[in-house]
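The structure under discussion appears below in the form of structure tokens.
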Amino acid sequence: LSQDDPLTNLNTAFDVAEKYLDIPKMLDAEDIVGTARPDEKAIMTYVSSFYHAFSGAQKAETAANRICKVLAVNQENEQLMEDYEKLASDLLEWIRRTIPWLENRAPENTMQAMQQKLEDFRDYRRLHKPPKVQEKCQLEINFNTLQTKLRLSNRPAFMPSEGKMVSDINNAWGGLEQAEKGYEEWLLNEIRRLERLDHLAEKFRQKASIHESWTDGKEAMLQQKDYETATLSEIKALLKKHEAFESDLAAHQDRVEQIAAIAQELNELDYYDSPSVNARCQKICDQWDNLGALTQKRREALERTEKLLETIDQLYLEYAKRAAPFNNWMEGAMEDLQDTFIVHTIEEIQGLTTAHEQFKATLPDADKERQAILGIHNEVSKIVQTYHVNMAGTNPYTTITPHEINGKWEHVRQLVPRRDQALMEEHARQQQNERLRKQFGAQANVIGPWIQTKMEEIGRISIEMHGTLEDQLNHLRQYEKSIVNYKPKIDQLEGDHQLIQEALIFDNKHTNYTMEHIRVGWEQLLTTIARTINEVENQILTRDAKGISQEQMNEFRASFNHFDRDHSGTLGPEEFKACLISLGYDIGNDAQGEAEFARIMSIVDPNRLGVVTFQAFIDFMSRETADTDTADQVMASFKILAGDKNYITVDELRRELPPDQAEYCIARMAPYNGRDAVPGALDYMSFSTALYGESDL
């Protein structure tokens, strides 16, 4: 449509109405556009035909929509009913197939088979049942949703097929869970039973194996006739061994009873391998009875033989009781006498020497004990010769022989003088170490305080105002000369320290100074005197360059020292501000005062170290009070030499300045590029500002 063409708009509307809406053309567009007052009734008739056309179309569309909606609801409900029936049938079928499996109570003989059943049940719980739980839940949701939709759409309630009600599903599911619970309880009980059986069977096998291993060879051992040709020591050993065996035998009685009890319990629990268990148990009991009879018979034989050799046995026992501790004493003595010692003081070596002397005092009593032990052995030999006793064996209570005792005793006697010599040599070495300690300590106790004193004296010279700066400089150089002349004593102390290190001396009670302390102090002293001399020389240069009198220098120093509260040789920002205020500077606590103080701090502390040195203080004070050259003054001087021109030539520089200074300027001046420049003209203005750091040269 076009707002500027009503005739075309009307024709288009009439054509569309006739073609698509079945409204016949009643008027011409020219009659409406060309007439000031068109026929109102004709216009109303035409418009009403449009209204009826649109109204009839809307009713038909509404009716079609209602039918589609009803059919869609009905189709959806029928689909939900079909889904419910199918899902209920599948779920009931799965429950029907699963319950017989859960009600199967066929037992297994092995733990492995029952474990597999338990694992299958766990797979059922973990993998198979959860989807069915979800299906059951979805079934109930679908049923409730369907009933709600039927009720909302005025449809009759849904009645599932026979046996497929939600209550039927729940009943079947309850039966499934009941069977599942019973199956799980049966599984666990069977596993516990089989675990008990396996545990008892393993316990039976373990105890039987231990018992059979223990009894292996015992019958042959009890039937030996070794006591008939045995010596007294062997008889004693055999008897004690037999007593130990009897104790062991009695202890094993409990194990045999346990084996029989376990076998009985396995029979009562219907163990599948009970015949082999019973046969093995019977064999063990028969062998046990035989061992008891053989044990009693051997004890009687050993006791008869023991009485014949009891006297010699008592002597052997006495020998062993005394030889063992004496042998241990000798071995300990040899170990102590050969033990290396590490000492660092005379007191330690004296303690070792005292202990050694105490040991030597015990040697006579030790020799008496040795002779007594050898006397027991000699008495045994006498009895053997007198009664012709068979003594083929050795002492059963000890392996220590008289020959070993005599050999170790002789070794102890040889080690004693060697130990004496070693202790004497170590004592002499410790005496020499003590002399080195005292020698180093005596020198260090002099040098250390001397260095500290010199440091304090140099500090006082640098801050006190006695005499002129030249006097202070001469005084400091005299200090420097005396310090340099003190170097041989430091070198001598280094030599003594070298000897101490070579002697492996690690501590020195005669001094608190170490060589490292002395070295650090000496280096600090040299650095301090050199730095202090340099500061005074710089003060002299500043004084002469600025034309400062000695009284002014003293006044500067007095002001600086007064506000240097901690005597550090520097002023902090607050100390420096107080000093400036005392000298008459107007530095308030307002923004203007802070800005002025920041400007001054940038002058005296360009590196922003946070402190003001005395040299920086003098430079600032002299700059504030003296008349100094500026870039403008130098520029004006060059202009005079250049004949009032804005540039200067090489010839003029060489004519007016000394040769070395003229060449210095020629090498550093940039070419002049002004409008009035001539060949070879040089820019003395940028050169002058660069001299004072005001441009890039």
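Largest first and in whole Å, the equivalent-ellipsoid semi-axes of the range 70-196 read 41, 12, 10, each the square root of five times a Cα gyration tensor eigenvalue. With q set to 0.13 Å⁻¹, the log10 of I(q)/I(0) for the range 437-611, from the Debye formula over equal scatterers at the Cα positions, is -0.79. Heavy-atom accessible area with a 1.4 Å probe sorts THR231, THR570, THR527, largest first, into THR527, THR570, THR231.
Protein heavy-atom surface of the range 166-219, 1.4 angstrom probe: 44% of the accessible area is carbon and sulfur, with nucleic acids and ligands not counted.
When Rg and the Kirkwood Rh are both derived from Cα coordinates, the Rg/Rh ratio for the range 631-692 amounts to 0.92. Once a ≥ b ≥ c are taken as the square roots of the eigenvalues of the Cα gyration tensor of the range 311-429, is the result rounded (a/c under 1.5), prolate (a/b larger than b/c) or oblate (a/b not larger than b/c)? It comes out prolate by the Cα gyration axes. Annotation: MET424 carries an accessible surface of approximately 130 Å², with a 1.4 Å probe and no ligand, DNA or RNA atoms counted. Diffusion coefficient (Stokes-Einstein, Kirkwood radius over C-alpha pairs, 25 °C, 0.890 mPa s) for the range 1-135: 107 µm²/s, rounded to a whole number. ILE191 contributes an accessible area of around 10 Å² to the protein surface, as traced by a 1.4 Å probe with all chains present. Note down the net charge around SER482, summing +1 for each Lys or Arg and -1 for each Asp or Glu among other residues with Cβ under 12 Å from its Cβ. After counting each charged neighbour, the total is +3.
Remark: the range 422-513 projects, on average over all directions, an area of 6.9 nm² (convex hull of Cα atoms).
Hey, what did the chain get for relative contact order, percent, Cα under 8 Å, at least 6 apart?
Once divided by the residue count of the chain, the mean separation gives 8 percent.
For the range 1-126, the carbon plus sulfur part of the accessible surface works out to 55%, probe radius 1.4 Å. For the range 569-614, the set of chymotrypsin sites (Phe, Trp or Tyr not before Pro) satisfying both a DSSP loop assignment and a count of at most 16 other C-beta atoms within 10 Å is given as TYR585. Here are some values of P(r) over Cα pairs in 20 Å bins from 0, in percent: (1) 9, 13, 12, 11, 17, 24, 10, 3, 0; (2) 13, 30, 34, 20, 2; (3) 14, 40, 28, 14, 3, 0. Which one was computed from this structure? Only one listed value fits the structure, namely (1).
Here ARG370 sits with roughly 40 square angstrom of accessible surface, probe radius 1.4 Å.
Counting only lysines at least 8 places from LYS489 when in the same chain, those with an alpha carbon closer than 19 Å to its own are LYS438, LYS454, LYS481. Ranked by solvent-accessible area (1.4 Å probe, protein heavy atoms only, all chains present), the residues LEU526, LEU493 order from largest to smallest as LEU526, LEU493. Of all lysines in the structure, the ones whose alpha carbon falls short of 25 Å from that of LYS321, not counting any fewer than 8 places away in one chain, are LYS236, LYS240, LYS241, LYS307, LYS360, LYS368, LYS382, LYS408.
Projected over every direction and averaged, the convex hull enclosing the alpha-carbon atoms of the range 114-177 yields 5.2 nm². Neighbours of GLY588, meaning other residues whose beta-carbon lies under 13 angstrom from its beta-carbon, give a summed charge of -3 when Lys and Arg score +1 and Asp and Glu score -1.
Expressed as a whole percent, the accessible surface of the range 523-618 that belongs to carbon and sulfur atoms is 51, based on a 1.4 Å probe. For LYS41, the lysines whose Cα falls under 26 Å of its own Cα, not counting residues fewer than eight places away in the same chain, are LYS19, LYS25. Overall form of the range 217-400: oblate. Here a/c, set by the Cα gyration tensor axes a ≥ b ≥ c, is 1.5 or more, and a/b is not larger than b/c. Looking at the chain, the accessible area is 61 square angstrom per residue; that uses a 1.4 Å probe and ignores ligands, DNA and RNA. When the trypsin sites (Lys or Arg not before Pro) in the range 221-317 are filtered for DSSP coil states and for at most 12 other beta-carbon atoms within 10 Å of their beta-carbon, the remaining sites are LYS225.
The values are calculated or read from the model by the stated rules, or taken from the named source; none is laboratory data. Keep in mind that what you see is a predicted model, and the values were worked out from it rather than measured. Note: ideal-geometry Cβ built from the backbone for every residue, glycine included; neighbour counts use all protein chains shown. Note: accessible area is taken over every heavy atom of the protein model, side chains too, but ligands, DNA and RNA are not part of it. Shrake-Rupley method; radii C 1.70, N 1.55, O 1.52, S 1.80 Å.
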